[in-house]
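Structure record follows, encoded as structure tokens.
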Amino acid sequence: MDMFKTIYDLGIIPVVAIDDADKAVPLAKALREGGLPAAEITFRTAAAEEAIRRITTECPDVLVGAGTVLTKEQCDRAIAAGAKFVVTPGFNPEMIAYIKSTGIPMMPGAATPGEMEQAMSMGLTNIKFFPAEANGGVNKLKALAGPYQAAKWMPTGGVNTKNLNDYLSFDRILCCGGTWIATSADIAEGKWDDITRKCKDAIKTMLGFKLEKLCIYGDSANAEKNAKLVASLFGFDVAETECGVEAGSLCFGKEESDAKGCIVISTLNGNRAKAYLERLGAEIDPDIWYDKKGNVSCFGLKDTVAGFEICIETK
Ligand code: 3PG
């Protein structure tokens with residue numbers, strides 16, 4: 001699979017500075033447990049190379065890349081250790097050309113229009129925007145999005161659960177990176193449960209799952225009557241839709257079905273929600289709806305729950 005599609009689907013890449021390679025595997029397991037099986041291990045510490053090697057060997061399902069790659073030697077060591085992608089903090093043309101020549105997927109760091117143009121002229125459109133908040137945040141990227149149509153960004157530096165969705169709600173963001181999920185102190189102190197919890201919090205924020213609607217099947221002949229009754233009692237609005245007649249957040253189905261109904265859950269990003277549920281092992285119904293841009297707009301779980309279908313809609 002395309003590496004950048006995997007990174008997009010993850011939505012968040014924990015950036016890690018690890019001092020003790022013995023902590024690498026427990027860290028990878030904590031991230032995986034939290035639903036974010038990925039890490040950018042930065043070459044800010046001597047343990048980076050060994051940490052990449054151990055995660056690659058012992059947790060092959062965790063996507064591990066190398067960050068803060070400043071020298072050709074670090075790049076070679078990262079690749080030899082099994083890094084699946086390489087990230088640089090800044091734009092050093094010689095280094096970028098070298099990393100690109102190795103063939104490994106990479107995200108060059110860039111903060112200015114000139115650096116971004118250089119990256120794109122080398123065919124590198126997935127760019128780390130660093131340090132993001134200090135450089136104008138998502139508003140700067142929105143201003144650059146017009147001239148740089150091909151660019152996709154990984155903002156890093158000052159990103160956290162509070163401003164995560166300011167970035168992720170902009171469709172030119174590949175993913176967000178940051179150290180807040182697994183700080184060096186968390187790792188040094190072995191706070192694996194805290195790291196797992198922070199992954200879950202970040203995913204919750206990113207996907208924004210919310211109960212949206214309940215569709216009731218089984219009395220299709222009376223759909224309109226039922227909807228109008230409920231609406232008149234509780235002051236809900238009535239609306240006719242493709243699926244049935246709605247009364248507020250209730251929908252009375254017009255078609256007969258074997259299921260009792262459908263629980264509709266909304267999400268802020270259907271692509272990432274689908275990928276996340278698949279990572280959890282949920283089976284997805286192959287009948288998936290896409291919008292004009294090719295993004296997942298609606299999908300369902302293959303199996304019913306308590307007789308109800310579960311549909312996930314992008315809000
Ligand atoms: C990086 O290397 O990408 C940044 O230092 C991460 O920045 P943060 O610590 O603000 O998340």
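The values are calculated or read from the model by the stated rules, or taken from the named source; none is laboratory data. Note that this is a predicted model, so its numbers are computed, not measured. Every residue, glycine among them, receives a Cβ derived from its backbone with ideal geometry; neighbour counts consider all protein chains shown. Each accessible area value is taken on the protein alone, full model and side chains, heavy atoms only, with ligands, DNA and RNA left out. Shrake-Rupley method; radii C 1.70, N 1.55, O 1.52, S 1.80 Å.
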Which of Thr42, Thr183, Thr102 moves most in a GNM of the chain, Cα contacts under 10 Å? Thr102
Can you list residues from other chains, or at least 5 along the same chain, whose modelled amide H is less than 5 Å from the amide H of Lys213? Val264
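Round to a whole number: what % of the accessible area of the chain belongs to carbon and sulfur, probe 1.4 Å? All intermediate terms of the calculation are to be shown ahead of the outcome.
Details: 7720 of 14520 Å².
The value for the chain is 53 percent carbon and sulfur by accessible area.
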What is the distance in Å between the Cα centroid of the stretch 165-181 and that of the stretch 1-38? 15 Å
Using a cut-off of under 13 Å, list every residue of the stretch 64-105 whose amide N is near the label point 7 Å from the Cα of Thr57 along the Cα-to-beta-carbon line. 81-82
Of Lys200/Lys292; Lys204/Lys254; Lys128/Lys210; Lys29/Lys128, which pairs sit farther than 28 Å apart, going by alpha carbon to alpha carbon? Lys200/Lys292; Lys204/Lys254; Lys128/Lys210
Report the antiparallel proportion of the DSSP beta bridges in the chain as a percent, rounded to a multiple of 5. 40 percent
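Please compute the volume of the convex hull spanned by the alpha-carbon atoms of the chain and report it per residue in Å³.
Values: hull volume 46.8 nm³, N = 315.
Dividing the Cα hull volume of the chain by its residues yields 148 Å³.
Under 8 Å for C-alpha pairs, at least 6 residues apart: give me the relative contact order for the chain, rounded to a whole percent. If you can, show how the numbers build up before the last one.
Details: 646 pairs, mean separation 45.2, N = 315.
The normalised contact order for the chain reaches 14 percent.
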What whole-number volume per residue, in cubic angstrom, does the convex hull of the C-alpha atoms of the stretch 186-315 give? 142 Å³
Straight-line reach from Lys140: which aspartates and glutamates have a Cα under 16 Å away, not including same-chain ones fewer than 8 places off? Glu115, Glu117, Asp166, Asp171
Under 14 Å from a point 7 Å along the Cα-to-Cβ line of Lys228: which residues of the stretch 234-253 have their amide N that close? 238-240, 245-247
For labels at Glu283 and Ala143 in the simple 7 Å Cα→Cβ model, what's the distance in nm? 5.2 nm
Counting sequence-distant residues (5 or more places) and residues on other chains, those with an amide H built under 5 Å from that of Glu246 are Ala239, Glu240, Thr241, Phe252
Looking only at Cβ-Cβ distances, which cysteines of the chain have no other cysteine closer than 4.7 Å? Cys59, Cys75, Cys175, Cys176, Cys199, Cys243, Cys298, Cys311
Hey, can you find the accessible area per residue of the chain for me, probe 1.4 Å, expressed in square angstrom? 46 Å²
Could you check which residue among Phe129, Phe85, Phe234 shows the biggest mean-square fluctuation in a GNM of the chain with a 10 Å Cα cutoff? Phe234
One finds the C-alpha centres of the stretch 191-206 and the stretch 254-315 to be spaced, in Å, by 24 Å
Between Leu63, Leu27, Leu250, which gets the highest mean-square fluctuation from a Gaussian network model of the chain, Cα cutoff 10 Å? Leu250
